[in-house]
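Engineer: Below you will find the structure I want to go over with you.
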Amino acid sequence: MTAESRFNRNELLFGAEGQARVAATPIAIVGVGGLGSHVAQQLAYLGTQEFVLVDADRVTSSSLNRLIGANPRDADDSTAKVAVAERLIHQIREEARIRSFEAWIDDPEAYRAAVECDVVFGCLDEDPPRLRLVELSSEARRPYFDLATDVSDDGRAYGGRLLVSIDGERCLFCMGLLDQEAIRRDAETEEQRAADDRIYGVRRGAMQAAGPSVVSINGVVASAAVTEFMVWVTGLRDPRRYLVYRAERGIITTPSDPPLEHCPFCQR
Ligand SMILES: [Zn+2]
């Protein structure tokens, strides 16, 4: 196989120069579970050469409905999710350079490695670590692609969203997309949490109940994110900053909600 043939069909869309820009853009993926494993796979095919992977979780049998690249043996062996993603990327691109951290982003080494990348993808389930990525993106001025899937309590609404933060224009905080209650609770001690629960009752979200998660819904959100990255990095067009996938209606919308003014994380 020649280097010319490999990305020929990409280059028909965005040119050899665009392909070179993809290759020259190191990417950190924080969270390589249901969403991040799709992102890792697609970026490897797109032509990303340098990856930083951050995820402290290990594969269980309940991951096997959606974790791209995982097999039953990984569940038996409790393989680290970063090891599954690394194997997946290397199967597609043997020469890819990958640094993996079986940790979360509050680990100083993982944080440093992520900051050294040009772009960060956040593919997390919970808002407290998302806030750390908003901080990272703000402090280090890194473009940040945040992916999320959601299912309403009654199961009637399901889908996900993508928020793209570039040049300090908007972020999860000023778009009102962070669950402040979950973040406040995360900062509490065990005792404070127990006291809250006695007073207010145990919140559903606080119980860390594993909600629904389905491979195809994750795939739509991940594909939208990688596509917006691709059009931006290759110069095809300006990326959409905010996309919402409503799977129960079969549509993707582009809400025009403005960010709040005076965001502590955005440099407007
Ligand atoms: Zn902001």
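Engineer: Conditions: (1) among the hydrophobic types (A, V, I, L, M, F, W, C); (2) modelled with pLDDT of 95 or more; (3) open to solvent by 10 Å² or more (accessible area, probe 1.4 Å); (4) farther than 20 Å from E50 by Cβ. V134 meets all but one. Number of the miss?
Structural biologist: The single condition V134 does not satisfy is (3).
Engineer: Something else about it: Somewhere in the stretch 55-67, is a residue over 23 Å from R241 (Cα atoms) and in a strand (DSSP E or B)? Quick ask: steps written out before the conclusion?
Structural biologist: Let us first name the residues in the stretch 55-67 that are over 23 Å from R241 (Cα atoms), namely 55-67.
Among the residues that remain, those that are also in a strand (DSSP E or B) are: 58.
Yes, that holds for at least one residue.
Engineer: Could you list, in sequence order, the residues of the stretch 72-100 that are in a helix (DSSP H, G or I) and among the hydrophobic types (A, V, I, L, M, F, W, C)?
Structural biologist: Those that are in a helix (DSSP H, G or I) and among the hydrophobic types (A, V, I, L, M, F, W, C): A75, V82, A83, V84, A85, L88, I89, I92.
Engineer: Select from the stretch 217-242 the residues that are open to solvent by less than 20 Å² (accessible area, probe 1.4 Å) and part of a loop (DSSP other than H, G, I, E, B) and list them in ascending order.
Structural biologist: Hit for the stretch 217-242 is P239, nothing else.
Engineer: Considering only residues that are within 16 Å of the ligand (Cβ to nearest atom) and not basic (K, R), which ones fall in the stretch 106-137? Full working, then the answer.
Structural biologist: Applying the first criterion (within 16 Å of the ligand (Cβ to nearest atom)) to the stretch 106-137 yields 120, 122, 127, 130-137.
Within the stretch 106-137, V120, G122, D127, L131, L133, V134, E135, L136, S137 qualify.
Engineer: How many residues does the stretch 156-183 hold that are surrounded by fewer than 18 Cβ atoms within 10 Å (Cβ to Cβ), farther than 21 Å from G211 by Cα and among the charged types (D, E, K, R)?
Structural biologist: Of the residues in the stretch 156-183, 2 are surrounded by fewer than 18 Cβ atoms within 10 Å (Cβ to Cβ), farther than 21 Å from G211 by Cα and among the charged types (D, E, K, R).
This table checks each residue for (1) touching a residue at least 60 places away in the same chain (Cβ under 8 Å); (2) within 14 Å of the ligand (Cβ to nearest atom); (3) on the phi < 0 side of the Ramachandran plot.
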residue: E139; (1), (2), (3): no, yes, yes
residue: D146; (1), (2), (3): no, yes, yes
residue: T149; (1), (2), (3): yes, no, yes
residue: I166; (1), (2), (3): yes, yes, yes
residue: L178; (1), (2), (3): no, yes, yes
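Engineer: I'm trying to understand the selection: among the residues of the stretch 108-131, which are part of a loop (DSSP other than H, G, I, E, B) and open to solvent by 20 Å² or more (accessible area, probe 1.4 Å)?
Structural biologist: Within the stretch 108-131, the first condition is being part of a loop (DSSP other than H, G, I, E, B), and the residues that meet it are 116-118, 124-126.
E116, D118, D125, E126 - these are the residues of the stretch 108-131 that are part of a loop (DSSP other than H, G, I, E, B) and open to solvent by 20 Å² or more (accessible area, probe 1.4 Å).
Rundown of residues vs (1) more than 18 Å from the chain's Cα centre (by Cα); (2) farther than 23 Å from S63 by Cβ, yes/no style:
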| position | (1), (2) |
| --- | --- |
| A83 | no, no |
| L88 | no, no |
| I92 | yes, no |
| F101 | no, no |
| R112 | no, yes |
| V115 | no, yes |
| L136 | no, yes |
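Engineer: Do you know which residues across the stretch 247-263 are within 10 Å of the ligand (Cβ to nearest atom) and surrounded by 11 or more Cβ atoms within 10 Å (Cβ to Cβ)? Give the derivation first.
Structural biologist: Step one: list which residues in the stretch 247-263 are within 10 Å of the ligand (Cβ to nearest atom), which gives 259-263.
Residues satisfying the conditions are P259, L260, C263.
One line per residue, one yes/no per condition, for (1) assigned to a loop (DSSP other than H, G, I, E, B); (2) within 14 Å of R93 (Cα to Cα); (3) among the aliphatic types (A, V, I, L, M):
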residue: N10; (1), (2), (3): no, no, no
residue: F14; (1), (2), (3): no, no, no
residue: T25; (1), (2), (3): yes, no, no
residue: I29; (1), (2), (3): no, no, yes
residue: V32; (1), (2), (3): yes, no, yes
residue: L43; (1), (2), (3): no, yes, yes
residue: A70; (1), (2), (3): yes, no, yes
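Quick grid of which residues meet (1) open to solvent by less than 10 Å² (accessible area, probe 1.4 Å); (2) in contact with a Lys or Arg (Cβ under 9 Å, 6 or more places away or on another chain); (3) farther than 21 Å from R130 by Cβ:
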residue: L13; (1), (2), (3): no, no, yes
residue: V32; (1), (2), (3): yes, yes, no
residue: T48; (1), (2), (3): yes, yes, yes
residue: D55; (1), (2), (3): yes, yes, no
residue: T60; (1), (2), (3): no, no, yes
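The values are calculated or read from the model by the stated rules, or taken from the named source; none is laboratory data. Computed from a predicted structure; not experimentally measured. Positions of Cβ are generated from backbone atoms using ideal geometry, with glycine treated the same way; all protein chains shown enter the neighbour counts. Keep in mind that these areas ignore ligands, DNA and RNA; they rest on the heavy atoms of the full protein, side chains included. Shrake-Rupley method; radii C 1.70, N 1.55, O 1.52, S 1.80 Å.
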